[in-house]
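The structure appears below as structure tokens.
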Amino acid sequence: MAQTLPELRQHLANGQVIPAHPLALTADLSLDERRQRALTRYYCAAGAGGVAVGVHTTQFELHQPAYGLLEPVLALASETVDEHMRQNPRPFVKVAGILGDTRQAVREAGTALEHGYDAGLLSLRALTEASPAELIEHCRRVAEVIPVFGFYLQTAVGGQVLPYRFWREFVEIENVVAIKVAPFDRYKTLDVVRAVAESCRSEEIALYTGNDDNIVADLLTEFSFGGQETDAPRLRIVGGLLGQWAVWTKEAVAMLRAIHDQSAAGTLDYRHWLTYNAQMTDANAAVFDSAHDFHGCISGVHEVLRRQGLMQGIWCFNPVESLSPGQCEELDRVCRAYPHLTDDDFVAEHLDEWLR
């Protein structure tokens, strides 16, 4: 059952690890239900505070009616989460990716709500020709159906440039609960954070990093746009909704918890965490295939999970989606260099129970 709006806002404000859920397919590109459930069980068992389904990491092709899989995949994840939470009750957010023009987006929002989703991660990649006013109206229409998680998607994978003035209007939409900031660009990241800071809703809208190239630094930064001697609000990016956190999730949960605990105690070890940030960015470069303009980003996530036994293969709907030359070797390198970023032992210990 979906959370109430106050419960949802509080859970998101507390800061969560929200993996962007991959799609487990068979070699003939049909849904591998057993391994799809196993992935969801893994994220729950690893301590994630939610999952995001139907997003870029789940493959945007999922939303095409020809495949007929959007609703079954949303339902499967929701049912699997509910099964886990009946045995291990705790707050957990279910986020559904929402795509398309306004008619499609409103329909998908309704479907997500029917299957117990708490919020919709709203992608605007289908509206590249829309004016800023049309984009805002589109967002309002979706927010009338389901609480909205805003999404600044990087241009390399289909996003568009969304200026400060867009975000300043967007944050005034009443049913906006959070924003995933993922332009992979510090200037554009600041546009979003400043828009929230300069609104009257900085305590209602949670900021989440999607900047896989700068995850830890985003979580360490206290943002203020009024100088050191003013009473301007100080904002933090409190959690992440990330494709990177679709792998090695157990370690991501431990990292976020440690940062939260140290921050609350005033003992943040910036030297340690900035080194950790550089290591994580190096690892992400291999997973997301930054060397080839992110061509292999979904396949890289799949390959890590395949090596752990959670996925059977790296198949994608789009035949162009594949590992790039040298990407496997880069994954080998970062796994050797940074074993503390991985959770292979945790997965190996529980894999059979998740695959039951």
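Restricting to the stretch 272-292, name every residue that is in a helix (DSSP H, G or I) and over 14 Å from Leu219 (Cα atoms).
Gln279, Asp282, Ala283, Asn284, Ala285, Ala286, Val287, Phe288, Ser290, Ala291, His292
Residues to consider are Leu268, Leu310; find the one that is out of contact with any Cys (no Cβ under 6 Å at 6 or more places or on another chain) and either closer than 30 Å to Arg356 by Cα or among the hydroxyl-bearing types (Ser, Thr, Tyr) (or both). It would help to see each step written out before you state the result.
Numbers: Leu268 fails: either closer than 30 Å to Arg356 by Cα or among the hydroxyl-bearing types (Ser, Thr, Tyr) (or both).
After ruling out the rest, the residue left standing is Leu310.
Restricting attention to the stretch 87-112, which residues are farther than 23 Å from Ala13 by Cα, open to solvent by less than 10 Å² (accessible area, probe 1.4 Å) and in contact with a Gly (Cβ under 9 Å, 6 or more places away or on another chain)?
Ala105
Could you please tell me which pairs satisfy a Cβ distance under 6 Å, a separation of 6+ or placement on different chains, a first residue in the stretch 273-286 that is in contact (Cβ under 8 Å) with a residue 60 or more places away in the chain, and a second residue that is part of a helix (DSSP H, G or I) and open to solvent by 10 Å² or more (accessible area, probe 1.4 Å)?
Asn277/Ala217
Kindly indicate which of Ala66, Ala109, Ala48 is in a loop (DSSP other than H, G, I, E, B), of a type in the set (Gly, Ala, Ser), in contact with a strand residue (DSSP E or B) (Cβ under 6 Å, 6 or more places away or on another chain) and more than 18 Å from Gly158 (Cβ to Cβ).
Ala48 is the lone residue from the list that is in a loop (DSSP other than H, G, I, E, B), of a type in the set (Gly, Ala, Ser), in contact with a strand residue (DSSP E or B) (Cβ under 6 Å, 6 or more places away or on another chain) and more than 18 Å from Gly158 (Cβ to Cβ).
Among Asp289, Asp293, Asp282, Asp332, which is in contact with a His (Cβ under 6 Å, 6 or more places away or on another chain) and either open to solvent by less than 30 Å² (accessible area, probe 1.4 Å) or farther than 30 Å from Arg356 by Cβ (or both)?
Asp289
Going through His115, His84 one at a time, which residue ends up being under 17 Å from Val55 (Cα atoms) and open to solvent by 30 Å² or more (accessible area, probe 1.4 Å)?
His115
The values are calculated or read from the model by the stated rules, or taken from the named source; none is laboratory data. The model shown is predicted, which means the values in this text are computed figures rather than measured ones. Every residue, glycine among them, receives a Cβ derived from its backbone with ideal geometry; neighbour counts consider all protein chains shown. Keep in mind that these areas ignore ligands, DNA and RNA; they rest on the heavy atoms of the full protein, side chains included. Shrake-Rupley method; radii C 1.70, N 1.55, O 1.52, S 1.80 Å.
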